[in-house]
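Working notes, beginning with the structure itself.
The values are calculated or read from the model by the stated rules, or taken from the named source; none is laboratory data. Being a predicted model, the structure only gives us computed values, none of them experimental. Cβ atoms come from the backbone with ideal geometry, glycine included; neighbour counts cover every protein chain shown. Side chains are part of the model used for accessible areas, which takes the heavy atoms of the whole protein and leaves out ligands, DNA and RNA. Shrake-Rupley method; radii C 1.70, N 1.55, O 1.52, S 1.80 Å.
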Amino acid sequence: MSDQRNSTESQTADRDNETVVSLEDVSVNFEKEQGFVDSLFNDAQRVRAVDGVSIDIPENEVLALVGESGCGKTTLGKTIIGVQRPTSGTVTYRGQDVWNAKDGNGDVRIPYGDIRKALQIIHQDPGAALNPNRKVLTSLEAPLKRWNSEMSPEDRRARIFALLDRVGMQPPQEYAHRYPHQLSGGEQQRVALVRALLMNPDVILADEAVSALDVSLRVETMDLLLELQAQFNTSFVFISHTLSNARYLTEKAGGRVAIMYLGEIVEIGPPKKVLRDPKHPYSKVLRWATADLDPSHQELTDPPVRSIDIPDPVNPPSGCHFHTRCPEAREACTTEAPELGDEAGQPGTHCAGCHRTDPDHEYWDSDPLDGVEAEFAPRGESDD
Ligand code: SF4
């Protein structure tokens, strides 16, 4: 697949493009599962899966959400595409509150059905997402029948065949009559991509969409995603637990990387900033864990954290949630949560939620926590 992208042009386009989805101070809490006996004697515990996130997704954006398992990236992704209801905060699609549209509250300018069509998802395991007893054609016709009922059967098939052909499944008529088990993992992922694209969506959430593929197929599929993203003017929110895939996609597309920790975005910006020159100590840990990004990885035997234990999201640490693991934590970090900044959710900005980015913060005059080395970088070392 040829690379049709120009990073500089794309970044410029992002700044000029209209916001498709906007999240304002969004939190999502889940009730933690308890055993029967526990539930008799203890109150329900709440997991803060997403904690006060604000972010804008403009047209033609490629945004990668990266973080450890359980950091909330999938929940945030599903909240962005309007399939996860937030506990608090607002999610809007082109200015329309998504959940008011769903509930029929107030003056609904954009029906919820149109929003659902515009915000699509590709799951990690396309095999599980496809009905094993249905041919590809039947699986692809179902959403068109549901959401585009006025489309004639001939037009439906013509659109399906054209898209199968477009993603390299040739001849499309033959692939359309196969069952999922007659397709390879890469072919199943392409069918899932076609199903998402059938709706002409504004945003596609790709949830670990290439992690199950082998390396060569992974690169080929990411190139295909980028080509289609450019061709269809679709924004992609790409969820990954590895920086390598996030870097590949966002550097090629001129997109953004958002690093998540315990339900919060702790750093966000262009990949050249976030991945090559991270400001947040947690981003540095992820970078350390990605050998092809960090040459010092070869020399360090231990990860740059004070503890490898991830705190309980039911009861996250006070102040900065990362302070129990951060190798640079001081007393001030235990009491005051750092701000990511008002500009953080907007394209073109690079922001990290760490007191070290503020050369005047009281952090610099407070004592290091136990286990933190006495050597510190000078004030403002982390500033851009
Ligand atoms: S605010 Fe403190 S604990 Fe949090 S990342 Fe920065 S230095 Fe570490």
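Here are some notes:
- Selected residue (criterion: nearest to the chain's Cα centre (by Cα)) from residues of segment 223-243 that are in a loop (DSSP other than H, G, I, E, B) and not β-branched (Val, Ile, Thr): His241
- Identity of the residue in segment 223-248, in contact with a helix residue (DSSP H, G or I) (Cβ under 9 Å, 6 or more places away or on another chain) and of a type in the set (Gly, Ala, Ser), that ends up most open to solvent (accessible area, probe 1.4 Å): Ala230
- Residue in segment 295-306 that is on the phi > 0 side of the Ramachandran plot and either open to solvent by 20 Å² or more (accessible area, probe 1.4 Å) or away from the ligand (no atom under 16 Å from the Cβ) (or both) present: no
Each row is one residue, and each column tells you yes or no for (1) of a type in the set (A, V, I, L, M); (2) farther than 27 Å from Asn245 by Cβ; (3) not in a helix (DSSP H, G or I).
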{"position": "Gly70", "(1), (2), (3)": "no, no, yes"}
{"position": "Thr74", "(1), (2), (3)": "no, no, no"}
{"position": "Asn105", "(1), (2), (3)": "no, yes, yes"}
{"position": "Gln120", "(1), (2), (3)": "no, no, yes"}
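- Flag if Gly341 is open to solvent by less than 50 Å² (accessible area, probe 1.4 Å), of a type in the set (Gly, Ala, Ser) and either within 22 Å of Gly70 (Cα to Cα) or in a strand (DSSP E or B) (or both): no
- The residue that is farthest from the ligand (Cβ to nearest atom), among those in segment 307-338 that are polar (S, T, N, Q) and assigned to a loop (DSSP other than H, G, I, E, B), is Asn315.
- Selected residue [surrounded by 15 or more Cβ atoms within 10 Å (Cβ to Cβ) and under 20 Å from Ile239 (Cβ atoms)] from Arg190, Arg166, Arg178: Arg190
- The set of residues in segment 267-279 that are open to solvent by less than 20 Å² (accessible area, probe 1.4 Å) and either part of a helix (DSSP H, G or I) or β-branched (Val, Ile, Thr) (or both) comprises Ile268, Pro271, Val274.
- So Asp384, is it modelled with pLDDT of 75 or more and open to solvent by 30 Å² or more (accessible area, probe 1.4 Å): no
- Condition check for Thr79: open to solvent by less than 30 Å² (accessible area, probe 1.4 Å) and either in contact with a strand residue (DSSP E or B) (Cβ under 7 Å, 6 or more places away or on another chain) or of a type in the set (A, V, I, L, M) (or both): yes
- The listed residues are Glu251, Glu220, Glu264, Glu208, and the only one of them that is open to solvent by 10 Å² or more (accessible area, probe 1.4 Å), at pLDDT below 90 and within 17 Å of the chain's Cα centre (by Cα) turns out to be Glu208.
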